[in-house]
Amino acid sequence: MLEASGLMVFYENMLALNNVNIYCGENQIVGVFGANSAGKSTLMYTLSGIIEDIRKKEEMAGGERVNILGEIQYLGQDITGLKPSQRAKKGIVLCPERRRIFKECNVMENLRIGGYLASSSQAKNTMDYIFKTFPALEKLKKRVGGFLSGGEQQMLAIGRALMAQPKLLLLDEPLLGLSPLVQAVLVRATKEIREEKGLSIIITEQYARPVLPIVDYAFVLENGAAVMEGDREELMNNPDVRSAYFGV
Ligand code: ATP
């Protein structure tokens with residue numbers, strides 16, 4: 001489904017991604033684990049194309065130079081030169097770190113904004129699906145985003161991404177700062193969404209423990225480089241991964 005090779009991103013002279021090769025198969029969940037500043041968000045920006053917007057913005061503001069190298073193949077096509085909006089139309093949808101919902105808009109408005117690419121029947125079906133997956137959100141349809149709890153905001157952020165009809169959903173640290181109970185709800189929902197919607201999902205997290213049980217395959221990023229990769233069992237049994245990302 002997606003294969004990225006030789007990805008390198010420099011922020012001025014700082015190397016944020018160092019020759020990363022990553023792939024995600026059809027209907028797979030692929031994990032990307034790494035500490036703070038390992039390059040997880042930069043990787044998600046690069047796959048979704050948003051890094052190109054960051055580069056242009058920096059260039060216009062006369063700020064640091066952002067350089068991007070590498071190649072991304074998606075559904076048998078080279079999408080390296082495509083804008084984020086073109087990638088979104090092809091089904092690559094980013095659910096960004098720290099949720100980034102529209103805080104002044106209510107739940108329904110946030111979902112409708114996410115569904116601007118969808119037909120009205122797709123939007124309606126997806127909304128029904130979101131409320132079935134996250135019943136807590138259904139009771140909060142009219143509440144503004146800023147008054148939702150962290151967990152509810154994350155459910156809304158995932159819902160908004162689903163409204164864009166993804167084929168490949170990029171979840172950037174969806175569990176960040178949430179309680180173990182809410183994390184468990186979100187992990188279960190992620191697995192269900194993959195099964196019921198037939199999506200592929202790339203999920204980044206600092207800690208592997210909560211998500212490793214649902215991934216098919218995972219990569220470990222350190223200082224911008226993919227230093228380890230393997231399927232779930234390989235990584236679960238790897239002593240380095242256990243000590244660094246499980247705290248055992
Ligand atoms: P976190 O868990 O803290 O979000 P991360 O793994 O997502 O970390 P990135 O946000 O991709 O890591 O950052 C990778 C490196 O690139 C960090 O050293 C960060 O400071 C740097 N960086 C990220 N964005 C920019 C930017 N716009 N300009 C300069 N440096 C940046």
- [ ] Looking at (1) within 22 Å of T46 (Cβ to Cβ); (2) in contact (Cβ under 8 Å) with a residue 40 or more places away in the chain; (3) out of contact with any Cys (no Cβ under 7 Å at 6 or more places or on another chain); (4) buried (at least 17 other Cβ atoms within 10 Å of the Cβ), find the lone condition where L170 falls short.
- [x] (3)
Open item on the list: For the range 159-218, give me each residue that is within 16 Å of the ligand (Cβ to nearest atom) and among the hydroxyl-bearing types (S, T, Y).
Closed with: T204, Y207
Open item on the list: For a quick check of your reading of the model, give me the residue pairs whose first member lies in the range 196-215 and is within 21 Å of S243 (Cβ to Cβ) and touching a residue at least 24 places away in the same chain (Cβ under 8 Å), whose second is assigned to a loop (DSSP other than H, G, I, E, B) and away from the ligand (no atom under 16 Å from the Cβ), with beta-carbon atoms closer than 6 Å and at least 6 apart or on different chains.
Closed with: R209/F246
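Yes or no, residue by residue, for (1) within 9 Å of the ligand (Cβ to nearest atom); (2) among the β-branched types (V, I, T); (3) part of a strand (DSSP E or B):
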{"residue": "A4", "(1), (2), (3)": "no, no, yes"}
{"residue": "V20", "(1), (2), (3)": "no, yes, yes"}
{"residue": "N27", "(1), (2), (3)": "no, no, no"}
{"residue": "E52", "(1), (2), (3)": "no, no, no"}
{"residue": "E58", "(1), (2), (3)": "yes, no, no"}
{"residue": "G62", "(1), (2), (3)": "no, no, no"}
{"residue": "L82", "(1), (2), (3)": "no, no, no"}
Open item on the list: in contact with a Gly (Cβ under 8 Å, 6 or more places away or on another chain) and assigned by TED's automatic domain parsing to the domain that holds E222: is that true of R65 in this structure?
Closed with: no
Task: Checking T126 against (1) open to solvent by 40 Å² or more (accessible area, probe 1.4 Å); (2) free of Cβ contacts under 8 Å to residues at least 60 places away in the same chain; (3) among the polar types (S, T, N, Q), the condition it does not meet - done: (1)
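Listed residues A136, A161; which is open to solvent by less than 80 Å² (accessible area, probe 1.4 Å), touching a residue at least 12 places away in the same chain (Cβ under 8 Å) and touching a strand residue (DSSP E or B) at 6+ places or on another chain (Cβ under 6 Å)? Quick ask: steps written out before the conclusion?
Details: A136 fails: touching a strand residue (DSSP E or B) at 6+ places or on another chain (Cβ under 6 Å).
None of the others qualify; the one that does is A161.
May I ask you to say which residue of S120, S48 is among the small types (G, A, S) and in contact with a helix residue (DSSP H, G or I) (Cβ under 6 Å, 6 or more places away or on another chain)? Please lay out each step first, then the result.
Details: S120 fails: in contact with a helix residue (DSSP H, G or I) (Cβ under 6 Å, 6 or more places away or on another chain).
Testing whether each residue is among the small types (G, A, S) and in contact with a helix residue (DSSP H, G or I) (Cβ under 6 Å, 6 or more places away or on another chain) leaves just S48.
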- [ ] Tell me which of these R99 doesn't satisfy, since it passes every other one: (1) out of contact with any Gly (no Cβ under 9 Å at 6 or more places or on another chain); (2) among the basic types (K, R); (3) not in a helix (DSSP H, G or I).
- [x] (1)
Task: Any chance Y129 is part of a helix (DSSP H, G or I) and of a type in the set (F, W, Y) - done: yes
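Among R87, R55, which is surrounded by 17 or more Cβ atoms within 10 Å (Cβ to Cβ), out of contact with any Cys (no Cβ under 9 Å at 6 or more places or on another chain) and over 22 Å from L2 (Cα atoms)? Full working, then the answer.
Values: R87 fails: over 22 Å from L2 (Cα atoms).
Within the list R87, R55, the selection yields R55.
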TODO: For the range 35-50, name all the residues that are within 9 Å of the ligand (Cβ to nearest atom), buried (at least 22 other Cβ atoms within 10 Å of the Cβ) and either at positive phi or among the aliphatic types (A, V, I, L, M) (or both).
DONE: A38, G39, L43, M44
TODO: State whether the residues of the range 29-48 include one that is out of contact with any strand residue (DSSP E or B) (no Cβ under 9 Å at 6 or more places or on another chain), closer than 15 Å to D172 by Cα and not small (G, A, S).
DONE: yes
Task: Check on M155, at negative phi and in contact with a Ser or Thr (Cβ under 6 Å, 6 or more places away or on another chain) - done: no
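The values are calculated or read from the model by the stated rules, or taken from the named source; none is laboratory data. Fair warning: this is a prediction, and the values are worked out from it, not measured in the lab. Here Cβ is always computed from backbone atoms with ideal geometry, including for glycine, and neighbour counts include all displayed protein chains. Accessible surface is based on the protein model in full, side chains and every heavy atom, while ligands, DNA and RNA are left aside. Shrake-Rupley method; radii C 1.70, N 1.55, O 1.52, S 1.80 Å.
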